[in-house]
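Everything below concerns the one structure shown next.
The values are calculated or read from the model by the stated rules, or taken from the named source; none is laboratory data. Just so we're clear, the structure is a prediction, and the values are computed from it rather than from any experiment. In this analysis, Cβ positions are derived from the backbone assuming ideal geometry, glycine residues included, and neighbour counts consider all displayed protein chains. Quick note on the areas: whole protein, heavy atoms, side chains included, nothing else; ligands and nucleic acids left out. Shrake-Rupley method; radii C 1.70, N 1.55, O 1.52, S 1.80 Å.
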Amino acid sequence: MLKASWPTITRTFATVFLTGALLLPLISVCYSSEDPSTIAARKRMVERDLKGRDIKDPQVLEIMGRVPRHLFIDKSLQSQAYADHPLPIGEGQTISQPYIVALMTQILQVKPGEKVLEIGTGSGYQAAVLAELTDKVYTIEIRETLTRQAAQRLKQLGYEKVRVKYGDGYFGWEEYAPFDAVIVTCAANHIPPPLIKQLKDGGRLVIPLGSTTYFQTLTLLTRKHGKTDIQHLIGVAFVPMIGEAQKR
Ligand code: SAH
């Protein structure tokens, strides 16, 4: 009797494991919030608009292929979430074109554990992308409603470590300074001096610099051994930095 029961037990276990192995992926597909067309659109965006241009950093490509950009914008615009252009996020503001998000992230070369400050939280998408690279992301937004919405969205999507502040990003975030990287996602006609001050030696700062009503030049400032180096990269069009930046 006992002899015969071992194969039976083995068979039962094998059946349970096999059924589980087959059912689990099926269950996860059924419960996944993403439909196949969303996944396909995001894949297309990575291939055509990022890899197809000069986005080569494998980590940036992988992250942009994973972060659900469509969940950072209004439902009515979600079908355009992965298109090659910016989209409105309310209050006259925009979420940047995916390529620009990827480019600015690639330029900053954020390493795990580094501190990053973003000026212009907007939808929270850029902050989420950065949060995939480091657990120390600080972001400031000057519009109260956008701040509240972005903070809530980031939390809901599991980016609870991102620290969101309502205020004028012109002055940086002294409490957490110095930063390894600063990313400004609104346009200014000069680099706010407090942001340069709050940059570590070896730090990088990227900002759309120029006319705040028309076009700007994406500019990279690096600080090394006390010296500041400036590189002008490409032409861009961002919404203006308001507050203190406009008084100067
Ligand atoms: N990075 C955002 C998009 C930014 S749009 C995203 O991923 O969705 C630019 C944002 O900068 C707007 O939300 C605007 O309100 C904000 N902004 C403008 N001036 C600012 C300032 N002085 N300080 C902080 N945020 C500012």
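Here are a few things to note about the model shown:
- All positions within the range 94-141 that are out of contact with any Asp or Glu (no Cβ under 8 Å at 6 or more places or on another chain), surrounded by fewer than 21 Cβ atoms within 10 Å (Cβ to Cβ) and more than 15 Å from ALA181 (Cα to Cα): THR94, ILE100
- Matching residues, the range 34-54, being open to solvent by 70 Å² or more (accessible area, probe 1.4 Å), assigned to a helix (DSSP H, G or I) and touching a residue at least 24 places away in the same chain (Cβ under 8 Å): ARG44, ARG48
- Per the conditions (1) at pLDDT 95 or above; (2) charged (D, E, K, R); (3) over 19 Å from the mean Cα position of the chain (by Cα), the sole criterion not satisfied by ARG248 is (1).
- Criterion (farther than 16 Å from ALA150 by Cβ and either within 12 Å of the ligand (Cβ to nearest atom) or touching a residue at least 12 places away in the same chain (Cβ under 8 Å) (or both)) met by exactly one of GLY113, GLY124: GLY113
- You will find that of ASP229, ASP201, the residue that is touching a Lys or Arg at 6+ places or on another chain (Cβ under 6 Å) and open to solvent by 10 Å² or more (accessible area, probe 1.4 Å) is ASP201 and no other.
- Filter result for PRO86 (out of contact with any Cys (no Cβ under 6 Å at 6 or more places or on another chain), open to solvent by 10 Å² or more (accessible area, probe 1.4 Å) and within 10 Å of the ligand (Cβ to nearest atom)): yes
- Restricting the range 158-194 to residues that are within 19 Å of PRO240 (Cα to Cα) and of a type in the set (D, E, K, R) leaves a set whose member that is most open to solvent (accessible area, probe 1.4 Å) is LYS165.
- Qualifying residue in the range 138-147 (condition: free of Cβ contacts under 8 Å to residues at least 24 places away in the same chain and either farther than 26 Å from LEU220 by Cα or within 13 Å of the ligand (Cβ to nearest atom) (or both)): yes
- Every residue from the range 55-82 that is surrounded by fewer than 16 Cβ atoms within 10 Å (Cβ to Cβ), in a loop (DSSP other than H, G, I, E, B) and among the small types (Gly, Ala, Ser): GLY65
- Failed criterion for LYS155 (all others in (1) out of contact with any helix residue (DSSP H, G or I) (no Cβ under 9 Å at 6 or more places or on another chain); (2) under 26 Å from GLY92 (Cβ atoms); (3) open to solvent by less than 50 Å² (accessible area, probe 1.4 Å) hold): (3)
- Figure legend. Inter-residue proximity from the range 161-186: first residues free of Cβ contacts under 8 Å to residues at least 60 places away in the same chain and farther than 17 Å from LEU130 by Cβ, second residues open to solvent by 40 Å² or more (accessible area, probe 1.4 Å) and near the ligand (Cβ under 9 Å from one of its atoms), beta-carbon distance below 7 Å, spacing 6+ or different chains. Indicated pairs: GLY167/ILE142.
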